[in-house]
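Structure first, commentary second.
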Amino acid sequence: MRASVTQRKFWDSNLAMCFKNLPIEFDESGKMTLRGDGAAFDLSRRPRTIGPKPLSDAQIKTLLAKNGYIRDVDFDPVTRVAGALAFHAVADLKERKVLTTNSMATLFRGYEVIMVGRDPRDAIFITSRACGVCGGVHSVTACLALEMAMGLVPPPLGVIVRNLLLEIEFNYDHPLHLFLLAGPDYSRAIVEQTNPEVWEQAKSYRAPGRQWHGYETVGAIMEDLNPLTGKLYLEALHMTRVAREAYVVLGGKYPHPQTIVPGGVSTTVSLQTFNEFYLRLQKFFDYSKKCIAIWDDLTEFFYTANPLYKEVGTRPKNLVDCGIWDDPESYDSTYVNCDRWGERRWSTPGAIVDGELVTTRLTALNTGMEEFVDRSYYETWNNQRFPNDPLGNPLSPFHAWNKETKPKPTGQNWKEKYSWSCSPRWDRQTTEAGAYARLWIIAAAKKLRPNPFLEPTGTSLKMKLPKAVLPEREVEWKIPETWNAFERNRGRAYCIALNAMAAMNDWLKGLDLLKQGKTEVSTPFEIPKKGTQIGAGFWGAGRGWLTHHLVLEKGHVANYQIITPSTINASPRDPWDNPGAYEEAVLNTPLLETFDDPAKFKGVDILRTIRSFDPCMPCTTHIYAGNRVISREVNTCACGADDEHEHSQAGATAR
């Protein structure tokens, strides 16, 4: 059937040569077709990529023979949950550059295996345990997958409440990262120790944003970033509590909420609970103004102190995000209409490749994402149960609906398998996930519904923050020229404002629904007992992209697959030996730390890079450097900002 003019306009705005590497092309109606036969998805053709290439083992051995400054630098663990992530690097401390990198997820948790054979409703409660910090996102994503599989549509207020819960949940995550996890790396305690010349400049560098944050100098900001005692550290702890209280007012419990259900929520919502939620939400109006000013000033100061800081954590501008926060008038849970309801979200879905927006279609994001296990502790699978999605678009054998989780632990080998993480790739390119991807895609896509608070311009996102104690302020996040560790942190500060303003839009809509008497928050349902159904939850976490793919058979889960932002970012190398996002970013990082003796090297620039993706180390960090081990004993999420205890360890290894 020939596409209508309206259809053609819709699809034309979404193609932009979407895939460079996958053998998929589009017709004028937007339907995807496979070029050639099924063998087109094989791995023999090397994809076109733009990332850095690590040195080979042979090249490193040659350099090592000539240069005594080449050292193993290992961080074990580096993790969001204790023990989950370690990082191996080889660095040339004389040339101050990193030669090769390996990111290792060191823990198998097995939620995908646990889910097989269960009642699908269990997914909401089991998968939320994947993270104690952001379990609410897994609950909602599981619900979205179930709703798609069952054809279930929540009432408008149910959609609004789910949006509000996640908008406020993210305003727990971001202060935690900016001031308890990443923040101490920019504190006086760390900067004075690792780069005393930078600290000397900071003491007299006048802060441009002092009207909003109250600090005369960047040095004063650094003082209050000190862990445990700094005012910004303690204030962030308080604001995480405010966000949790707001979540509990509507959701009843956190973490691991019990009120998220297929078809909406099971909580009781009233004007009183909405008003109690707002009392806490409005505290983020001023707090976001302050955070933005702080991270703007910190970022620009470091760029001024040494322009090479722009290269710390840099990697290609490849980002993906599913979007989040549904329009209650558009969301119908179906895959057939997901491109349309996806684009109506407050956070637009999309893929950025080499700095350019190439699609905003959920179907293209879904089709383009594959998972590989060549460097992971899993067996490959041979079955391609679903060659097409529900619209008939071709699916790779490596797509989540076709993937099987088959753990197979082996010894660690940098040339072969070294991680429990898979290697997700979109269009067979290394991408990254992050809250900041939302800013970029919203800004570039210009698809937001009319609203009083958020305005994308094509190159920026303007946000109007209402008056509270501080006056009204319009802030503008601009698509950065360079993508690096500092811009990730700056972006998260702006995301506090994005979350708050998206929540304001949804709060006003919910208030209107309550006043109209439209108080239903859930739709009754029954689990189908016959046949096969598939579904996908396209959503997001505090760290970005999150999807759940499920297959139901005769009322039970036959397959369940989860792709988290940490899986994307911490992934090992892929079948073509291209590094993952952490690995790329560290590989590009210059070592700007001040040291005369390589034995005193602490690796702060590598740590800043890894932490800019928002990992967490709540217990102990070890840095192995040749025959020394630097042990940072951490009792909080200061992540290595405590006093360091160094001791010798003869023959320390990367493991």
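Miscellaneous remarks
- Dividing the mean sequence gap of close Cα pairs (under 8 Å, 6+ apart) by how many residues region 413-480 holds gives a relative contact order of 19 percent.
- Remark: region 577-594, residue by residue, has Karplus-estimated 3J(HN,Hα) of 6, 7, x, x, 5, 4, 4, 4, 5, 5, 4, 8, 7, x, 8, 9, 4, 8 Hz, where x stands for each Gly or Pro and the curve is 6.51 cos²θ - 1.76 cosθ + 1.60 at θ = phi - 60°.
- Computed across the chain, the Kirkwood radius stands at 25.2 Å (inverse of mean 1/r, all Cα pairs).
- Evaluated with a Cβ-only charge set (Lys, Arg +1; Asp, Glu -1), region 409-506 carries a dipole of roughly 100 debye about its Cα centre, given to the nearest 20.
- Estimated at 0.36 nm per residue, the fully extended path between Gln193 and Glu216 surpasses their Cα-Cα distance by 6.1 nm.
- A P(r) calculated from all alpha carbon pairs of region 416-494, with 5 Å bins opening at zero, reads 3, 12, 18, 19, 16, 12, 8, 5, 4, 2, 1, 0 percent.
- With all pairs of different C-alpha atoms in the average, the Kirkwood value for the hydrodynamic radius of region 220-317 is 16.7 Å.
- With each label modelled as a point 7 angstrom along the Cα→C-beta vector, the Phe108-Val336 pair spans 4.1 nm.
- Percent breakdown of C-alpha pair distances by 10 Å bin, ordered from the shortest bin, for region 518-595: 15, 25, 27, 17, 10, 5, 1
- This model, with +1 at the C-beta of Lys and Arg and -1 at the C-beta of Asp and Glu, gives the chain a dipole about its Cα centre of some 800 debye.
- Total formal charge among the other residues, if their Cβ is under 11 angstrom from that of Ala220, Lys/Arg +1 and Asp/Glu -1: +1
- Dimensions of region 145-262 based on its C-alpha atoms, expressed as ranges along the principal axes with the largest first, amount to 61, 28, 23 Å.
- Residue-span extension gain [Ala599 to Thr532] - 0.36 nm each, minus C-alpha spacing: 18.1 nm
- 10 Å binning of all Cα-Cα separations within region 344-488, expressed as whole percents from 0 upward: 10, 29, 28, 20, 10, 3, 0
- Taking each DSSP H run with n ≥ 4 as -39500 (n - 2.57) and averaging over every residue of the chain yields -10500 deg cm²/dmol at 222 nm.
- Overall Cα dimensions of region 326-402 - principal axes, largest extent first, Å: 43, 30, 20
- Quotient of the Cα radius of gyration of region 97-182 and 2.2 N^0.38 Å, N being its number of residues: 1.42.
- With DNA, RNA and ligands ignored, accessible area of Leu319 (1.4 Å probe; Å², nearest 10): 0
- Among the listed pairs Lys310/Lys464; Lys283/Lys446; Lys20/Lys529; Lys317/Lys464; Lys417/Lys446, a Cα-Cα separation exceeding 32 Å is found for Lys20/Lys529; Lys417/Lys446.
The values are calculated or read from the model by the stated rules, or taken from the named source; none is laboratory data. This one's a predicted model, so the numbers in the text were calculated from it and none came from an experiment. Reconstructed Cβ throughout: ideal geometry from the backbone, glycine too, with neighbour counts over all protein chains shown. Ligands, DNA and RNA are stripped out before the accessible areas are found, and what is left, the full protein with its side chains, is counted by its heavy atoms. Shrake-Rupley method; radii C 1.70, N 1.55, O 1.52, S 1.80 Å.
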